[in-house]
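Asks: Okay, here's the structure, questions in a sec.
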Amino acid sequence: MTGPKNIPLFKVFMAPEDRLLPALRDVLYSGQISEGVEVERFEEAFGRFIGNTKVLSCYCGTAALHMALKLAGAGPDTEVISTPMTAEPTNLAILHAGATVVWADVDPRNANIAAASIAEQITDRTRAVVVVHYGGVPASLDAIHRVAAARGIPVIEDAAHALGARYAGITLGAHSEYVMFSFQAIKHLTTVDGGMLACRNPEDVARGRRLRWFGIDRKAPRTLVDVAEAGYKYHMNNVNAVIGRIQLDHIGPIVERHISNGRFFDRALPGIAGLEIAAWDAAAEPSYWFYTVFAERRDDLARYLAERGIASSLVHRRNDLHSVFASSRRELPALDLAYSRMLHVPCGWWVSDEDREFIADTLRRGW
Ligand SMILES: *Cc1c(COP(=O)(O)O)cnc(C)c1O
């Protein structure tokens, strides 16, 4: 055996120096470091990867989410149905848009937002449903789309955890009116910071392009444009974009390794006393940003793993506990149960064959 283990829950992947640095140097000294050709090249390449070329790059995922909410018509006196089991930006973006957050309860199998609970919360004021594919496990998109489409409500997917995951045989990015990706440091693909909004309707792309740059169409002559809507400074620059383009050349094997490790745990962990693994629709193929288990005496398990050099965490605080969302609070029994037992363990590209065996053996020994 080798020395003591130290298996982190997250790790930044950066493309090899000999590929990244020459391209980055070219951009840095090109005289064109803001939004330009590199941004278009990254959007094209990313659009190909997700199978939807109607994409808008942004300086971060939160900005992309805020744009999606604006495009969907969320604003004062409207409601957006969302899940508390996510990173705070998912729901802060709803407040930034001026809308009211309405919580839906979760699917007890995987802590993703539940279609049945969404159905109960829809009102005439609902302008959007936000769906997070938590930990890279696709939510039940078929059932959610049925519920939302019946009332003509657009779905915004927050796919920040789920790059490369599939649903019904199709890579995430084209199932809903809006799909957001984040390229923040510890996501599957990082541009240091960045985000992408994939749209279904070309009109949303056209309006989004203006919305992300002060309400101005950058392609039009600057002194002839009319700013008709107060836009934002949300665009991506060429520096982040060139990092993204080179990173994208390497993303295939990275995502594959997350999936290979996740599937290893799917086979190795069932049957361990006191431990349940997450489950999902037959149509879902997760990209396993981390691996979710539900454990008896969860905090004891986390301590036991830490003593053996295996990082684990709940990662996110359920957002309904934050005082900024106090007015949205309601009973969420499925989330209560999931949140008291849930724990995430490492399964990313940095987890070797030996590491994953070690994690499975450590869990099998009991805590
Ligand atoms: C990272 C993340 C975001 C925010 O993305 P940024 O690029 O950091 O703005 C939103 N939602 C979820 C679920 C995330 O994990």
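Asks: In the stretch 303-320, what count of residues is obtained for those that are in contact with a Pro (Cβ under 8 Å, 6 or more places away or on another chain), closer than 19 Å to A338 by Cβ and not basic (K, R)?
Replies: 3
Asks: Further question on the same structure: Tell me the residue from P22, P89 that is without any contact (Cβ under 8 Å) to a residue 24 or more places away in the chain and either assigned by TED's automatic domain parsing to the domain that holds V239 or within 16 Å of the ligand (Cβ to nearest atom) (or both), please.
Replies: From the options P22, P89, the qualifying one is P22.
Asks: Right, here's the next one. Would you pick out the residues in the stretch 159-183 that are within 8 Å of the ligand (Cβ to nearest atom) and within 23 Å of S260 (Cα to Cα)?
Replies: If the condition is that a residue be within 8 Å of the ligand (Cβ to nearest atom) and within 23 Å of S260 (Cα to Cα), then A160, H161, S182, F183 are the ones that fit.
Asks: Please tell me if M14 is open to solvent by 10 Å² or more (accessible area, probe 1.4 Å), part of a loop (DSSP other than H, G, I, E, B), more than 16 Å from the ligand (Cβ to nearest atom) and modelled with pLDDT under 95.
Replies: Answer is no for this residue.
Asks: In addition: On the basis of being within 16 Å of the ligand (Cβ to nearest atom) and more than 15 Å from R109 (Cβ to Cβ), does R318 make the cut?
Replies: yes
Asks: Considering the stretch 107-139 alone, what residues qualify as being within 14 Å of the ligand (Cβ to nearest atom) and part of a strand (DSSP E or B)?
Replies: Residues satisfying the conditions are I113, V130, V131, V132.
Asks: Restricting attention to the stretch 56-86, which residues are in a loop (DSSP other than H, G, I, E, B) and within 14 Å of the ligand (Cβ to nearest atom)?
Replies: Hits for the stretch 56-86 are Y59, C60, T83, P84, M85, T86.
Asks: What pairs come out if I take residues in the stretch 206-219 that are in contact (Cβ under 8 Å) with a residue 12 or more places away in the chain and pair them with residues that are open to solvent by 90 Å² or more (accessible area, probe 1.4 Å) and assigned to a helix (DSSP H, G or I) whose C-beta lies under 8 Å away, six or more apart or interchain?
Replies: Here the result reads I216/R210; R218/R209, each pair linking the stretch 206-219 to a residue that is open to solvent by 90 Å² or more (accessible area, probe 1.4 Å) and assigned to a helix (DSSP H, G or I).
Asks: Still on this structure: For the structure I just gave you, tell me whether V147 is within 16 Å of the ligand (Cβ to nearest atom), modelled with pLDDT of 95 or more and within 23 Å of A282 (Cα to Cα).
Replies: Here the answer is no, as V147 does not meet what is asked.
Asks: Oh, and also: Considering only the stretch 139-153, I want to know if a residue exists there that is of a type in the set (K, R), touching a residue at least 40 places away in the same chain (Cβ under 8 Å) and over 24 Å from Y288 (Cβ atoms).
Replies: Checked against the condition, which is being of a type in the set (K, R), touching a residue at least 40 places away in the same chain (Cβ under 8 Å) and over 24 Å from Y288 (Cβ atoms), the stretch 139-153 yields no hits at all.
Asks: Specify which of the listed residues (G31, G47, G36) is within 17 Å of L197 (Cβ to Cβ), assigned by TED's automatic domain parsing to the domain that holds Y178 and modelled with pLDDT of 95 or more.
Replies: That would be G47, the only listed residue that is within 17 Å of L197 (Cβ to Cβ), assigned by TED's automatic domain parsing to the domain that holds Y178 and modelled with pLDDT of 95 or more.
Asks: Here is a further query. For the stretch 92-101, what are the residues that are small (G, A, S) and more than 10 Å from the ligand (Cβ to nearest atom)?
Replies: Once the filter is applied, which keeps residues that are small (G, A, S) and more than 10 Å from the ligand (Cβ to nearest atom), the stretch 92-101 yields A97, G98, A99.
Asks: Collect the residues in the stretch 154-172 that are of a type in the set (A, V, I, L, M) and in a strand (DSSP E or B), keeping them in residue-number order.
Replies: Passing the criteria: V155, I156, I170.
Asks: Identify, please: which residue in the stretch 272-328 is touching an Asp or Glu at 6+ places or on another chain (Cβ under 8 Å) and in a helix (DSSP H, G or I) and is, among those, most open to solvent (accessible area, probe 1.4 Å)?
Replies: S328
Asks: Could you list, in sequence order, the residues of the stretch 186-207 that are closer than 12 Å to A68 by Cβ and either within 16 Å of the ligand (Cβ to nearest atom) or not assigned by TED's automatic domain parsing to the domain that holds K54 (or both)?
Replies: Answer for the stretch 186-207, where residues must be closer than 12 Å to A68 by Cβ and either within 16 Å of the ligand (Cβ to nearest atom) or not assigned by TED's automatic domain parsing to the domain that holds K54 (or both): G195, M196, L197, A198.
The values are calculated or read from the model by the stated rules, or taken from the named source; none is laboratory data. Remember, it's a predicted structure, so these values are computed and weren't measured experimentally. Positions of Cβ are generated from backbone atoms using ideal geometry, with glycine treated the same way; all protein chains shown enter the neighbour counts. Please note that ligands, DNA and RNA were not included when accessible areas were found on the heavy atoms of the full protein model with its side chains. Shrake-Rupley method; radii C 1.70, N 1.55, O 1.52, S 1.80 Å.
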